Amino acid sequence: MGSLQEVFVGSIDQGTTSSRFLIFNKAGEPVASHQIEFTQIYPQPGWHEHDPQEIVTSVEECINEACKQFENQGHSLSSIKAVGITNQRETTVLWNKETGEPLYNAIVWTDTRTQGLVRKLKHRLGADKLMEICGVPLSTYPSVGKLLWLLDNEPKVRAAYEKGVLAFGTVDSWLVFKLNGGLKRNIFVTDPSNASRTMFMNIHTLKYDESLIDFFRLDTSKIHLPEIVHSSDRHAYGTLISTALKGVPITGCLGDQSAALVGQKGFAPGMAKNTYGTGSFILYNVGDKPVISTHGLLTTVAYDFGGKNKPKYALEGSIAVAGSSVKFLVDNFGFIESSSKVSQLAETVDDNGGVTFVTAFSGLFAPYWIDDARGTIFGITAYTKRGHVARATLEATCFQTKAILVAMEKDSGHKLAELAVDGGMCNSDLTMQIQSDLVSIPVRRPAMRETTALGAAIAAGIAVDVWSGIDELRKVNTEGSTTFKPSISKEDSAARFARWEKAVEMSKGWAQ
Ligand SMILES: Nc1ncnc2c1ncn2[C@@H]1O[C@H](COP(=O)(O)OP(=O)(O)O)[C@@H](O)[C@H]1O
Ligand SMILES: O=P(O)(O)OC[C@H](O)CO
């Protein structure tokens, strides 16, 4: 039973495949949690959508279920001082500002329907300047292409735009709007870590940038963009209007990869983490000033806690397909009954048997940015077993991580000493060992791996003084980590990587 002084912070983690709600104590331990997988909609090859309403109801159900557990442990809901939100980034929701109704399904960050549109935009005057302003390369990944595609292809969206009632949001803005009762309060905000994924925000000023909006030929009198506020803010995000936590303030908001960096306590420049979820995302803290990559990485806002703290930036390497490749072996190939069995299958063989799997289901993101590559398996012979393909699948994410770390080293001029990891796929010991072998540095995995949710709880908790600041957080979630150390020579590692790079080269140009 919780003591009188004990305080807690709730955290909504709205990911690509599931929604979760966790309740953390001051030591950063989750004391109650609930998770719900929701529907993945694939209307055509390359298209990926979510139902915006299901996103909200799954979150609400998670809150209610976790709160039940919490109360059953003898805690009082009044000891939950604040709630933070963290979310899949770039995924785009459009709604009618007058009715509050969504105008289309959410288009998910992985969706590649904008490939043709993006190619055209790349030829537009000024395309070469975008990266310096917003830190993100023109690709199918950021939100803007999804919005432009909907304006061109969905009459309801075009009509709302022409009428001046089109609201654009990423999942954080949509959730904040809905959890505050929609039009009742009409709270319409986002934080810089999410806004930096849209291509509308100037990465240097953290404000919407007219030159970006002009480039995309959008009329700001016809479209409503959420106000950009600090990631940690006592008032801007409102309060929960329903669920068991009615009246509790939402005081933190971070894109999920930023949240994971915070949850790993990557507060110092030079620290990096990789989160192996649906995709895999390496964020490298570069401090107070954005570093614009010249090696295929993105520049993103790590977090902006406001007050005396300056916003912090990160270099990011985004991999489109990571855990989803494991899920692919389960759902599409039927090799295993669940993702957690993939290591077992991969361990039925000693090595990849000459198989390389370029898991370019959505093209390849960082550092390659190849939009016309598609998933390609090389090296199949009569000897190949399912175990070899499973091993090659795990290796694909680790090779892409290696390519990103090489790019980070070139952009930052520093060699990383250690990689902190989290996310579903890091549960595979084999994958983490392969990772350490391929990057030739230690890979550290915390015992408590809900770092994304913890990061959002930290952003929320700082705003209401549950934690006084970063110094106090150093003790949080430090117990019991596992370190995987390189077990092969650097020469062997380099030879394997060279083979991967050859496969990437050969996977280009498949998609029309
Ligand atoms: N033991 C495991 N080994 C390898 N992959 C796993 C394992 N457990 C989960 N995964 C993969 O991790 C992903 C889910 O991770 P999670 O961090 O919850 O993702 P997200 O936040 O993107 O929804 C799934 O794609 C799944 O295939
Ligand atoms: O939901 P995840 O963990 O796959 O993260 C999605 C990323 O935020 C996309 O950029």
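Below are the figures for this structure:
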| read-out | value |
| --- | --- |
| Size of charge dipole - the stretch 8-254 - debye, nearest 20, with Cβ of Lys, Arg +1 and Asp, Glu -1, no other charges | 380 debye |
| The stretch 154-257: trypsin sites (Lys or Arg not before Pro) falling in loop per DSSP and having at most 16 other Cβ within 10 Å | Arg185, Arg217, Lys222, Arg234, Lys246 |
| DSSP-defined beta bridges in the chain - what % are antiparallel, rounded to 5 | 70 percent |
| Cα gyration tensor, the stretch 8-254 - rounded (a/c under 1.5), prolate or oblate | prolate |
| q = 0.16, 0.20, 0.22 Å⁻¹: log10 I(q)/I(0) that the Debye formula gives for the stretch 251-351, counting C-alpha atoms only | -0.75, -0.94, -1.04 |
| Approximate spin-label separation Lys485-Asn309, in nm, with each point projected 7 Å along Cα-to-Cβ | 3.4 nm |
| Subset of Lys122/Lys508; Lys415/Lys490; Lys273/Lys310; Lys207/Lys312; Lys81/Lys265; Lys385/Lys485 violating a 24 Å alpha-carbon distance limit | Lys385/Lys485 |
| Kirkwood Rh, Cα atoms: Rg over Rh of the chain | 0.95 |
| The stretch 341-458 - Debye-derived log10 I(q)/I(0), Cα point model, q = 0.12, 0.18 Å⁻¹ | -0.51, -1.07 |
| Selection of GluC sites (Glu not before Pro), the stretch 458-512, meeting DSSP coil and at most 12 other Cβ within 10 Å | Glu479 |
| C-alpha center-to-center spacing [the stretch 70-114, the stretch 436-512] in angstrom | 25 Å |
| Assigned charges on the beta-carbon of Lys, Arg, Asp, Glu; the chain dipole about Cα centre (debye) | 580 debye |
| Residue-count net charge about Arg158 - beta-carbon cut-off 13 Å; Lys, Arg +1, Asp, Glu -1 | -1 |
| DSSP-loop trypsin sites (Lys or Arg not before Pro) across the stretch 247-335, with at most 10 other Cβ within 10 angstrom | Lys308 |
| Nitroxide proxy distance, nm - points 7 Å out along Cα→Cβ at Glu37 and Ser76 | 3.9 nm |
| Distance (nanometres) between label positions extended 7 Å along Cα→Cβ at Glu210 and Glu61 | 4.7 nm |
| Gain on full stretching of the segment that runs from Ala159 to Leu416 - 0.36 nm per residue minus C-alpha separation | 87.5 nm |
| Estimated 222 nm signal from helices in the chain, with DSSP H stretches of n ≥ 4 weighted -39500 (n - 2.57), rounded to 500 | -9500 deg cm²/dmol |
| Contact order normalised by residue count of the stretch 226-353, Cα under 8 Å, 6+ apart, percent | 18 percent |
| Cβ-Cβ FRET estimate between Arg474 and Ser338, R0 fixed at 30 Å, reported to 0.05 | 0.25 |
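Read-outs: derived from the displayed coordinates by stated rules, not from any lab. Remember, predicted model here, so these are calculated numbers, not experimental data. Reconstructed Cβ throughout: ideal geometry from the backbone, glycine too, with neighbour counts over all protein chains shown.
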